[in-house]
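**Q** Pasting in a structure now, in structure tokens, and then I'll have a few things to ask.
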Amino acid sequence: MLTTESANETLVDVFDGFLTWDWTHEDMVPVFPAVYGGKIALFGRKYHEYDEQYDQPGEDLDEIAFRQKTAQALVFGEQLGWMSADLTDHTMAATSEFIRKAAQLRYDMSDYINGGDMAVPPAIEGTIPDITGDWFWGYHVNETMVTTSAVFSSAWMDDTGALVLFFANASDEAVTFDLNFQGGEYGFAVTQLLSIQSRDENGVFHTETLGSRFVKTIDLDGESVLAIQIVGL
């Protein structure tokens, strides 16, 4: 596979994959995945473990950044991580379980990402806190503080019209919010019934049938991930 050093739109017809290591800024939106997702591979967010020699502000902010990057990469449809496999490292040890959950869920839902398209992001409502982490990136740049919502989300649709909604809580506290789903935004008919499957990294844990417009309350534990598969009946 041929890849680039960073994501570059002028090369999408030449390369198979694009490195996302410098996607380290606040208020990023997934324009690149929305346009080219399912056609190319996106991978390689750069993770830096806490290191006193670079005068980083503290390990706790580094752990938050690891979870933020992992959650955002998951919902953006990227391969997860460019990080050390050294579980004796403090930051890796503290965040490895969240990364494992996200990686397993992504693997289970990979058909939507690899061959599908990013759809309209899900409408979620509620009091959702912000979190701030140090997205330290280069050895010549010290802290790069990035604030995001604690909950990251996206929607991906495969070529059959089936939909998956991704949610990831990158904070260490539970968050409750409402999913306000309007099926017409995804091509479902007003009177159509939908099969709804909720799953985490361990598989499906709840199945129900709902109409194409519904409000569903979601309780998302801290450092957890969720996928909701929606298929028209």
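**Q** Going through the range 131-160 one residue at a time, which ones are at pLDDT 90 or above and among the aromatic types (F, W, Y)?
**A** Correct list: F152, W156.
**Q** Within the range 1-17, take every residue that is assigned to a loop (DSSP other than H, G, I, E, B) and hydroxyl-bearing (S, T, Y) and give me the one that is farthest from P33 (Cα to Cα). Working first, answer last.
**A** The initial filter retains those residues of the range 1-17 that are assigned to a loop (DSSP other than H, G, I, E, B), namely 1-2, 4-8, 12-16.
With hydroxyl-bearing (S, T, Y) added as a condition, the list becomes 4, 6.
Numbers: T4: 16, S6: 14 Å.
Checked the range 1-17; the qualifying residue farthest from P33 (Cα to Cα) is T4.
**Q** Moving to a separate point now. Please enumerate the residues belonging to the range 149-204 that are within 29 Å of I131 (Cβ to Cβ) and acidic (D, E).
**A** Hits for the range 149-204 are D172, E173, D178, E185, D200, E201.
**Q** Output the residues belonging to the range 75-119 that are part of a helix (DSSP H, G or I), among the polar types (S, T, N, Q), touching a residue at least 24 places away in the same chain (Cβ under 8 Å) and surrounded by fewer than 21 Cβ atoms within 10 Å (Cβ to Cβ). Show your work before the answer.
**A** Initially, the range 75-119 is screened for residues part of a helix (DSSP H, G or I), giving 75-76, 90-108, 110-115.
Then keep just the ones that are among the polar types (S, T, N, Q); that gives 91, 95-96, 104, 110, 114.
From the residues that got through so far, the ones that are touching a residue at least 24 places away in the same chain (Cβ under 8 Å) too are 91, 95, 104, 114.
Within the range 75-119, Q104, N114 qualify.
**Q** What number of residues within the range 197-233 are assigned to a strand (DSSP E or B), touching a residue at least 40 places away in the same chain (Cβ under 8 Å) and surrounded by fewer than 17 Cβ atoms within 10 Å (Cβ to Cβ)?
**A** Residues flagged as assigned to a strand (DSSP E or B), touching a residue at least 40 places away in the same chain (Cβ under 8 Å) and surrounded by fewer than 17 Cβ atoms within 10 Å (Cβ to Cβ) within the range 197-233 amount to 4.
**Q** Can you tell me how many residues within the range 188-233 are of a type outside the set (V, I, T) and under 15 Å from V151 (Cβ atoms)?
**A** Here is the first cut: in the range 188-233, the ones of a type outside the set (V, I, T) are 188-189, 192-195, 197-203, 205-206, 208, 210-214, 216, 219-224, 226-227, 229, 232-233.
Still in the list and also under 15 Å from V151 (Cβ atoms): 200, 216, 219-224, 226-227.
Within the range 188-233, residues that are of a type outside the set (V, I, T) and under 15 Å from V151 (Cβ atoms) number 10.
**Q** Additional query: Could you give me the residue pairs with C-beta distances under 9 Å whose first residue belongs to the range 168-190 and is at positive phi, whose second residue is surrounded by 21 or more Cβ atoms within 10 Å (Cβ to Cβ) wherever it lies, and which are 6+ apart or on separate chains?
**A** From the range 168-190, the pairs are G187/L163.
**Q** Just checking, which of Y47, Y54 is modelled with pLDDT under 90, more than 19 Å from the chain's Cα centre (by Cα) and not hydrophobic (A, V, I, L, M, F, W, C)? Break it down stepwise before answering.
**A** Values: Y47 fails: more than 19 Å from the chain's Cα centre (by Cα).
Answer to the check: Y54.
**Q** Any idea which of (1) surrounded by fewer than 18 Cβ atoms within 10 Å (Cβ to Cβ); (2) in contact with a Ser or Thr (Cβ under 8 Å, 6 or more places away or on another chain); (3) assigned to a strand (DSSP E or B) is the one N180 doesn't satisfy?
**A** Exception for N180: condition (2).
**Q** Just wondering, is there one or more residues in the range 152-174 that are over 16 Å from S212 (Cα atoms), of a type in the set (F, W, Y) and surrounded by fewer than 21 Cβ atoms within 10 Å (Cβ to Cβ)? Step through it out loud before you land on a result.
**A** Our first condition is that a residue be over 16 Å from S212 (Cα atoms); within the range 152-174, this holds for 152-154, 156, 158-160, 166-174.
Checking which are of a type in the set (F, W, Y) leaves us with 152, 156, 166-167.
If we keep only those that are surrounded by fewer than 21 Cβ atoms within 10 Å (Cβ to Cβ) as well, we get none.
No.
**Q** Same structure, new question: So G77 passes all but one of these: (1) at pLDDT below 95; (2) on the phi > 0 side of the Ramachandran plot. Which condition number does it fail?
**A** (1)
The values are calculated or read from the model by the stated rules, or taken from the named source; none is laboratory data. Everything quoted here is computed from the prediction, not taken from an experiment. With ideal geometry, Cβ positions are generated from the backbone for all residues, glycine too; neighbour counts draw on all protein chains shown.
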